[in-house]
Each structure stands twice: as C-alpha cells, then as structure tokens.
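As structure tokens, the structure follows; a few thoughts come after it.
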Amino acid sequence: MMIDRTRLARLLDRERRAFRERNPRSAAAYEEARGHLFGGVPMTWMNKTAAGFPLYLAGARGARVTDVDGHEYVDLCLGDTGAMAGHSPAPTVAAVEERFGRAGGATVMMPTEDAAWVGAELARRFGVPYWSFSLTATDANRWAIRLARAVTGHQKILVNSYCYHGSVDEVLIVVGPDGRQVSREGNVGAPVDPTVTSRVVEFNDLPSLERELAYGDVAAVLMEPALTNIGIVLPEPGYLEGVRELTRRYGSLLINDETHTFSAGPGGCTRAWGLDPDVVTIGKAIGGGIPSGGYGLSAEVTARIEAMEGLDLIDMGGVGGTLAGNALSVAAMRATLEHVLTDDAFAAMTELATRFAKGVQEVIDAHRLPWSVVQLGARAEYRFAAPAPRNGGESNTAADPDLDDYLHVYLANRGLLLTPFHNMALMCPATTEADVDRHHEVFAAAVAELVA
Ligand SMILES: Cc1ncc(COP(=O)(O)O)c(C=O)c1O
C-alpha cells in the first residue's frame with residue numbers, strides 16, 4: 001500500500017489548523033517568547049514540533065501531561081527518556097524535598113552519602129564497578145572519551161553511522177552515500193572536520209569495523225548496543241560479541257552508551273544481554289527528571305588510569321563540572337533507582353511496550369503497509385520500512401518527515417504525545433493498558449484516514 005502524497009499533505013494541513021485552534025495559549029506564549037529567546041524557545045531543539053509551535057507545559061505527573069490550554073495528554077514521549085520513571089515520581093519528589101528543602105543544600109562542593117549508594121547500585125546493574133557523575137549523558141560521553149584517549153594513547157573515536165550520543169563533537173560523522181566518512185549534515189561549527197577525530201561504520205557491519213580498527217588509532221568504540229536515535233535497530237546475532245572481540249584485539253576500549261537502551265531492563269542492554277564493556281555511560285532517566293548522568297569504569301580501566309602520571313583529574317584537565325555529582329542530583333538518582341525504576345517496574349513496562357508493538361503491528365498488517373515496529377524493553381518504535389532496517393544508513397533512507405508530522409499532530413490533537421524526534425513510545429511505571437489501547441484507537445484512525 002503506497003501513501004498518496006496529496007492526501008497526506010491535505011490531512012497534515014487540516015491537523016495543523018486544528019492544532020492551532022485548539023491551543024491558543026500555547027500559540028500566544030510562543031509568539032511572545034520570540035522576542036527574547038533565541039529561536040523563540042528555551043532550547044533550540046524545542047522547535048522540533050510537528051505542528052509549527054510547541055505546546056506549553058502546565059504540569060505533569062506519572063504518564064500524564066497537562067498543557068496551558070487545559071488539555072490532558074497520555075505521554076508516550078516521557079521527555080525522550082528523561083522521564084522514563086514517570087513525571088515527578090513520588091519517591092524522587094520526596095528525596096528532592098528532603099535534600100533541597102528540609103536538609104538544604106544542592107551545590108556545596110561536598111559529597112553526600114547517597115553517592116556511594118548510587119555507585120554501588122549502578123555497579124550492580126551494569127557490571128562496571130567505579131562510577132563518576134555528570135548532569136547529562138553528553139558530558140558523561142565527553143568525559144569517557146577523554147579518559148579513553150588518555151588511557152589508550154590513541155586519538156580517534158569510532159561510532160556507528162546515524163548514532164546520537166549528545167552534542168559531542170566526535171560523533172557527528174556518518175557514512176556518506178558513496179561509502180566515504182563525512183561530517184553529518186548540519187553539523188554546527190565543528191572545531192575540526194570530524195574525520196580528523198573520528199571513524200564511522202554502519203551498525204551490524206563487523207568487516208567494516210575491523211577494517212577501521214586495524215588502523216590502530218581508535219581509543220574507543222562509542223556505541224549504543226541497539227541504535228535508538230534512527231528508529232530502533234537491533235543487533236544481529238553475534239554482532240555485539242564480534243564488537244567486543246575486535247575492540248580487544250585492536251586495543252580500543254568499548255563504551256556502551258545506555259542512555260536510551262536503559263529501556264531494555266534495570267541494567268540496560270549491558271545486563272540484559274550479558275555484555276562486557278570497559279565503560280558504561282548513562283544520563284536522562286536515572287535522576288527521575290532531575291539532571292543526572294554518569295560513567296562507570298571497569299576495574300581494569302580504572303587501574304590503568306590510576307597508574308598514569310600527570311593526568312589532572314582534579315582541576316583543569318578537561319574532565320569535570322562544578323555542579324556534577326551535586327547533592328540534589330545524587331539524591332534524585334538514589335530515590336529513582338531504589339524505589340521507581342526497579343526490576344519489577346521494568347517487567348511491567350516491558351509488557352506494556354509489547355502490547356504497544358503488537359497493536360501497531362496489527363494496524364500495519366491490516367493495511368499491508370511497508371512499515372515495521374521494533375521493541376526494546378520498555379520502548380517501541382515504528383519505521384516506514386519493512387523489514388526493519390539493519391543499520392543507521394538504511395533507517396535514515398526510510399525517513400518520511402511529513403508522515404511523521406501527520407501522525408504526531410493527529411495524535412496530539414486527540415490527547416497523545418509521541419517523542420518529537422521519533423515515532424517512539426516509551427512506557428513508565430504509571431502507564432496503563434488503557435493508555436496503550438487509547439493510542440491504538442487513535443493511531444488506527446489516523447492510518448485509516450490516510451489510506452482510505
Ligand atoms: C544514546 C544517547 N546518548 C546521549 C544523549 C545525550 O543526552 P543529553 O542531551 O541529555 O545530554 C542522548 C540524547 O538523546 C542519547 O540518545
């Protein structure tokens with residue numbers, strides 16, 4: 001079944017007009033903000049809106065969000081994973097109130113006892129024993145990269161094409177259409193061409209990985225065990241084992257970025273699939289919505305770093321942030337890991353994501369659409385290609401921004417939010433079966449109108 005582009009354009013226009021009529025206060029707030037905010041938004045990516053302007057938040061709790069025009073939404077976006085614990089989960093709120101309110105103190109330049117608890121818990125979950133904290137996954141990756149360079153003496157970082165690891169200079173590189181490695185389109189103010197700092201290969205491609213590692217200059221392979229930022233691309237059997245074997249053989253560290261793949265279970269893909277990385281990085285969800293992140297190091301890497309002389313890990317060496325590991329962030333991580341994103345919570349969230357993926361597949365099948373849906377624990381995402389793409393390049397080719405926008409605005413107009421950058425739905429502990437079923441009802445209607 002092919003999509004009729006004229007019909008799609010007409011429906012998208014209709015939905016955008018309905019969105020504008022439905023959301024006058026958000027529209028007015030956006031208009032006003034344009035006078036004083038760069039791009040009219042607090043952060044420029046907030047202009048990624050299918051409808052032309054963003055909804056303004058009034059409040060959020062659990063799996064529900066309310067906007068300033070008084071609409072309530074089932075939130076399947078969950079802050080693009082930052083709120084995978086649900087919005088303002090009670091144990092995290094209590095810990096934040098206690099730390100910042102009753103006890104007092106967030107940025108004090110003194111450790112709290114919560115930090116060692118969080119380190120031990122992350123070690124239990126992800127298998128790497130020594131942790132250090134950041135406030136974002138981007139910073140966790142940046143600092144892990146620096147340490148990898150220091151410890152290996154190699155200069156380059158190798159990533160997968162169409163990966164995303166935050167606004168990290170080294171990762172903005174793709175395999176171009178002719179197979180050459182090139183800067184990612186739109187790369188803003190790169191300090192040097194990324195081919196100077198990086199190598200890139202397609203996911204699921206061990207021969208290319210070996211070819212690039214064989215240059216002997218790669219400090220680390222920084223990767224998600226499953227790609228999540230260009231749809232979800234799962235590893236093929238043997239691929240991750242091959243990556244581990246090759247990185248060892250060529251003296252490169254393996255960094256698993258579990259920021260999104262944390263959806264796979266309490267210890268992300270690393271634990272769910274028995275992986276053995278040298279470094280794990282994470283951010284977003286572990287603080288229950290309070291800025292938090294961190295990197296964990298294997299015992300071997302830690303020993304190698306500690307044996308090195310002349311590394312300034314205390315002051316101006318390039319690994320550190322004044323507010324990183326602050327008492328509030330660490331209290332939030334502890335409460336979220338101890339009481340919210342528990343093993344039991346993941347089991348229920350994963351069941352819901354299975355229900356989500358099944359319902360979407362049924363709609364795809366009913367209309368014989370050339371689309372696919374892929375699940376990774378608590379998250380599921382559909383892509384306009386079937387079978388599901390096996391690497392970032394293939395998945396990028398399947399992009400259809402108008403179709404994305406139509407489905408996103410159609411859902412928003414009927415009380416459902418998807419992550420702006422993806423056709424991804426994420427489950428939190430407060431998501432219900434009824435929420436998922438409501439999505440299917442609206443999704444089925446959106447598709448039926450499109451193919452009618
Ligand atoms: C895998 C991965 N790593 C790192 C990041 C960066 O996270 P942040 O922007 O919170 O620093 C992202 C953001 O989407 C991500 O998907």
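The values are calculated or read from the model by the stated rules, or taken from the named source; none is laboratory data. Because the structure is a prediction, the values reported are computed rather than measured. Neighbour counts are summed over all protein chains in view; Cβ atoms, including those assigned to glycine, are modelled from backbone coordinates with ideal geometry. These accessible areas exclude ligands, DNA and RNA; they are computed on the full protein's heavy atoms, side chains included. Shrake-Rupley method; radii C 1.70, N 1.55, O 1.52, S 1.80 Å.
Taking first residues from the range 251-271 that are closer than 22 Å to GLY86 by Cα and among the aromatic types (Phe, Trp, Tyr) and partners that are open to solvent by 10 Å² or more (accessible area, probe 1.4 Å) and more than 10 Å from the ligand (Cβ to nearest atom), no Cβ contact under 8 Å between residues at least 6 apart in sequence or on separate chains turns up.
Taken together, the criteria exclude LEU213 from residues that are touching an Asp or Glu at 6+ places or on another chain (Cβ under 6 Å), more than 16 Å from the ligand (Cβ to nearest atom) and open to solvent by less than 40 Å² (accessible area, probe 1.4 Å).
Residues that are more than 16 Å from the ligand (Cβ to nearest atom) and more than 18 Å from LEU311 (Cα to Cα) number at least 3 in the following strands (runs of 3 or more DSSP E) confined to the range 128-188: 181-183.
Going by what's in this entry, would ALA385 be described as more than 16 Å from the ligand (Cβ to nearest atom) and either under 24 Å from ARG61 (Cβ atoms) or touching a Pro at 6+ places or on another chain (Cβ under 8 Å) (or both)? When the stated conditions are applied, ALA385 passes them.
Residues that are of a type in the set (S, T, N, Q), over 20 Å from SER132 (Cβ atoms) and more than 14 Å from the chain's Cα centre (by Cα) within the range 247-298 comprise THR247, SER252, listed in sequence order. For MET109, the criteria (1) open to solvent by less than 30 Å² (accessible area, probe 1.4 Å); (2) of a type in the set (A, V, I, L, M); (3) assigned to a loop (DSSP other than H, G, I, E, B) hold in every case but one, which is (1). Screening GLU15, GLU21 for residues that are closer than 14 Å to VAL409 by Cβ, touching a helix residue (DSSP H, G or I) at 6+ places or on another chain (Cβ under 6 Å) and of a type in the set (Asp, Glu) leaves exactly one candidate, GLU15.
Confirm whether HIS439 is open to solvent by less than 10 Å² (accessible area, probe 1.4 Å), in a helix (DSSP H, G or I), under 20 Å from LEU55 (Cα atoms) and at pLDDT 95 or above. It is true that HIS439 is open to solvent by less than 10 Å² (accessible area, probe 1.4 Å), in a helix (DSSP H, G or I), under 20 Å from LEU55 (Cα atoms) and at pLDDT 95 or above. Quick check on the range 76-100: of everything there that is more than 16 Å from the ligand (Cβ to nearest atom) and surrounded by fewer than 20 Cβ atoms within 10 Å (Cβ to Cβ), which residue is nearest to THR261 (Cα to Cα)? Selected residue: SER88.
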